[in-house]
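Written below as structure tokens is the structure these notes are about.
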């Protein structure tokens, strides 16, 4: 019963997550920030390659007055980022295609299409894509903080490595290696 109550709470929180982030913004609504992004496209038509995927920015930091930043990982291959935590952001994951293993604190989960989970700020988390075919994953950060700047930096040609120093410079902490896929 407790597991069912927790799941219902988490599902309600996941639905409300992006909207709560936007509601925290103190700036009045403006249509000047409306930037539709077509399927398969990036907000600024800029490639953001990672070792395990290609990212598309869907909602930029400026679009939500700093309240939200959303990315889509496309063509996910096996693997994922190192274990880390965010000091000021919640990070919400929505599996669109494929499967991934995720750890949030002590919880280990297997996400399939349509599944989602929120990693609270200051809680270590890590994920690894494990699907047999390339997949897609939507990730939202609230508030946006320095996440857009971080991903712009680490996806540049000859970029700085995703190490403890780089993570710390963007308000995160590198706390361990990527998940082992063995």
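All of the numbers you see were taken from the coordinates with simple rules; none came from a lab. Here the structure is a predicted model, which is why all the values come from computation and not from measurement. With ideal geometry, Cβ positions are generated from the backbone for all residues, glycine too; neighbour counts draw on all protein chains shown.
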What shape does the range 86-139 have by the C-alpha gyration tensor, where a ≥ b ≥ c are the square roots of the eigenvalues, rounded means a/c under 1.5, and otherwise prolate means a/b greater than b/c and oblate the rest?
prolate
Using alpha carbons only: equivalent-ellipsoid semi-axes of the range 117-156, gyration tensor based, whole Å
21, 16, 10
Principal axes first, then extents: for the Cα atoms of the range 97-182, list largest minus smallest coordinate on each axis, whole Å, largest first.
32, 29, 27
Can you give me the orientation-averaged projected area of the convex hull built on the Cα atoms of the range 50-122, in nm²?
5.2 nm²
Most exposed first, judged by fewest Cβ atoms within 10 angstrom, 175, 59 run 175, 59
So, in nm, how far is label residue 173 from label residue 78 when the simple model puts each one 7 Å beyond its Cα toward the Cβ?
3.2 nm
Which semi-axes, in whole Å and largest first, does the equivalent ellipsoid of the range 37-182 have when worked out from the alpha carbon gyration tensor as the square roots of 5 times its eigenvalues?
20, 18, 15
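In what sequence, highest mean first, do 92-100, 117-125 appear when ranked by Cβ atoms within 10 angstrom?
Working: 92-100: 19.9, 117-125: 17.4.
Top of the packing list down: 92-100, 117-125.
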